[in-house]
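Only one structure is covered here, and it is reproduced in the block below.
The values are calculated or read from the model by the stated rules, or taken from the named source; none is laboratory data. From a predicted model like this one, the values you see are computed outputs, not experimental measurements. No Cβ is skipped: glycine too gets one built from the backbone with ideal geometry, and neighbour counts run over all protein chains shown. Note: areas computed on protein heavy atoms with side chains; ligands, DNA, RNA excluded. Shrake-Rupley method; radii C 1.70, N 1.55, O 1.52, S 1.80 Å.
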Amino acid sequence: MPLWAGNMVEGRGMLGLQGGDGAVRMMDYQEKRCPLYNNGWLSLITVITANAPVPPAFRESVRCGEQNLYSRAKELVGDRDPRSHEFTVQLRAMDMDRSGYGLGLPVLLALCGSLVERSTKGGLIVVGSLNLGGSVDMIPNPAAVAELAVEKGAAQLLMPISARRQLLDLPDEMATKLNIVFYADPPDAFLKA
């Protein structure tokens, strides 16, 4: 069953997260958009977390994804104007961590997917922390991310190409259960998501 555009949910489309302390965590992310009726001068992003205040790390991740969308709109979504839409973002923790750290790239992919009305693949985990400059930060322990992806039942893992060599330590059993796809930059990740 296909997802609605911009949605990434456990079992159908998940996203991965690497915490600032090196621990691997999982988050569920949803995003919806609607057109703005003003002249597009301001894009509104509403951040929602269930029964809790918005974590500062998640707010920062959303801002990184949003700013990268604005600066790379032509190569990501073509002639669509992201500033003429209002987005609502919802985050749900799938484990004990509730920080929302390192979700810039999954936020960017969901925002782009919503604009072009294309959902992510089912069973996909997206890994990569996006910074304001548009580059993806290094993943300290990609083998642990892959092992968690297999544990959570993911079919595919989308990781930055910089993690390829570190995945040589991945056990054979894990490597056969998971399809790992690498991306070079955010536009490449969007094409493969």
- line: Heavy-atom accessible area of the range 101-193 with neighbours in place, 1.4 angstrom probe: carbon+sulfur share in percent works out to 51 percent
- prompt: Accessible area per residue, 1.4 Å probe, Å², for the range 89-193: what's the number?
  reply: 44 Å²
task: Beta carbons within 10 angstrom, averaged per residue: use that to sort the peptides 129-138, 65-74, 150-159, highest first.
output: 150-159, 65-74, 129-138
